[in-house]
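J.: Before we start, here is the structure in question, set down as structure tokens.
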Amino acid sequence: MKGNRPLQLFVLAAASDKLALQTQSNQIIPVLLYAIIIGNYAMHGQMAMPSLVINLIIIFFGIRYAMKFGTRKGYISAVWGCIITYSLLFFLLWLGDPSQIGFDNLGFMTIAFVILILAGPAFILLSSGLTFPMIPYIVDYETNRTGRFVPGVISATYTFIDKLVSSLSQTIVGLVLAAIGFRVAFPDVDTPYSDSLFWAAMFLNIGIVIIGWVISLLVMKFYPLTKDKMVEIQAELTKKREGNKVS
């Protein structure tokens, strides 16, 4: 970690994202969102197939974009997609009437919710997927900087921090729900709606991931391994290899 600025920034961005996403993917979140806020838990299962199709479409075009403009730029664009869709989802649920959402009521609330709830997770998958190609870039950066080829050490460093932050997600969920009175058991599909549950759901499903993405955007502002920089590093590595062959 010491002296490798890209690795430090990458780990910070990846760790903040992973902690937020692990919290958001907790099994209690669909209960809060669909069963308690919307009042239609069956809709959660009905979204599975459309979600798969949208995920494939956004990932396909997102990867093509990243291949053309660089992984860093692709990742930043995907994170912005996450922030925009989940911000709009929050305002929709806060200012609108969530009880109007359902496939038996194809009005504005349902259409807007379906679009946002399908696009948001697709951007999440894309942003998460684009973090892994950054690891070989960091390996090349370290090799060019010090002459050491240490992919195992760098991967292990990322994996250790990834597992560490993932273990904290259940604690965050428990603390938030305990703060609004659910200390013994979590809410279930029969739990009545309350404002405190609404705001807990908004924080766990939307607020915490937006915080993680904002941290990632701030970190990526200082992340040096752009597409042009990697071309430069690859050229330097090629020269060094050719020099070693000659010697």
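The values are calculated or read from the model by the stated rules, or taken from the named source; none is laboratory data. Fair warning: this is a prediction, and the values are worked out from it, not measured in the lab. Please note: Cβ atoms are built from the backbone with ideal geometry, for glycine as well, and neighbour counts cover all protein chains shown.
J.: Determine, yes or no, whether Ser99 is over 22 Å from the mean Cα position of the chain (by Cα), small (Gly, Ala, Ser) and at negative phi.
T.: Values: over 22 Å from the mean Cα position of the chain (by Cα): yes; small (Gly, Ala, Ser): yes; at negative phi: yes.
Answer is yes for this residue.
J.: Looking only at the range 84-107, which residues are without any contact (Cβ under 8 Å) to a residue 40 or more places away in the chain, hydrophobic (A, V, I, L, M, F, W, C) and assigned to a loop (DSSP other than H, G, I, E, B)?
T.: The answer is Leu106, and nothing else.
Quick grid of which residues meet (1) small (Gly, Ala, Ser); (2) within 18 Å of Ile58 (Cα to Cα); (3) assigned to a helix (DSSP H, G or I); (4) under 24 Å from the mean Cα position of the chain (by Cα):
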| position | (1), (2), (3), (4) |
| --- | --- |
| Cys82 | no, yes, yes, yes |
| Met109 | no, no, yes, no |
| Ile117 | no, yes, yes, yes |
| Pro121 | no, yes, yes, yes |
| Thr131 | no, yes, no, yes |
| Ile135 | no, no, yes, yes |
| Ile154 | no, no, yes, yes |
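J.: Quick one: how many residues across the range 191-205 are modelled with pLDDT under 90 and not polar (S, T, N, Q)?
T.: Within the range 191-205, residues that are modelled with pLDDT under 90 and not polar (S, T, N, Q) number 1.
J.: Scan the range 218-235 and give yes if some residue there is under 21 Å from Phe90 (Cβ atoms), modelled with pLDDT of 85 or more and in a helix (DSSP H, G or I), otherwise no.
T.: Yes, the range 218-235 contains at least one residue that is under 21 Å from Phe90 (Cβ atoms), modelled with pLDDT of 85 or more and in a helix (DSSP H, G or I).
J.: From the list Phe186, Phe182, exactly one residue is in contact with a helix residue (DSSP H, G or I) (Cβ under 6 Å, 6 or more places away or on another chain) and surrounded by 15 or more Cβ atoms within 10 Å (Cβ to Cβ). Which is it?
T.: Phe186
J.: Condition first: part of a helix (DSSP H, G or I), touching a helix residue (DSSP H, G or I) at 6+ places or on another chain (Cβ under 9 Å) and β-branched (Val, Ile, Thr). Now tell me which residues in the range 137-152 satisfy that.
T.: If the condition is that a residue be part of a helix (DSSP H, G or I), touching a helix residue (DSSP H, G or I) at 6+ places or on another chain (Cβ under 9 Å) and β-branched (Val, Ile, Thr), then Ile138, Val139, Thr143 are the ones that fit.
J.: Checking the condition more than 21 Å from Val209 (Cα to Cα) and at pLDDT below 90, which residue from Leu125, Leu12, Leu19, Leu106 passes?
T.: Leu106
J.: Restricted to the range 64-103, and to residues that are of a type in the set (A, V, I, L, M) and surrounded by fewer than 14 Cβ atoms within 10 Å (Cβ to Cβ), which residue is modelled with the lowest pLDDT?
T.: Within the range 64-103, the match that is modelled with the lowest pLDDT is Met67.
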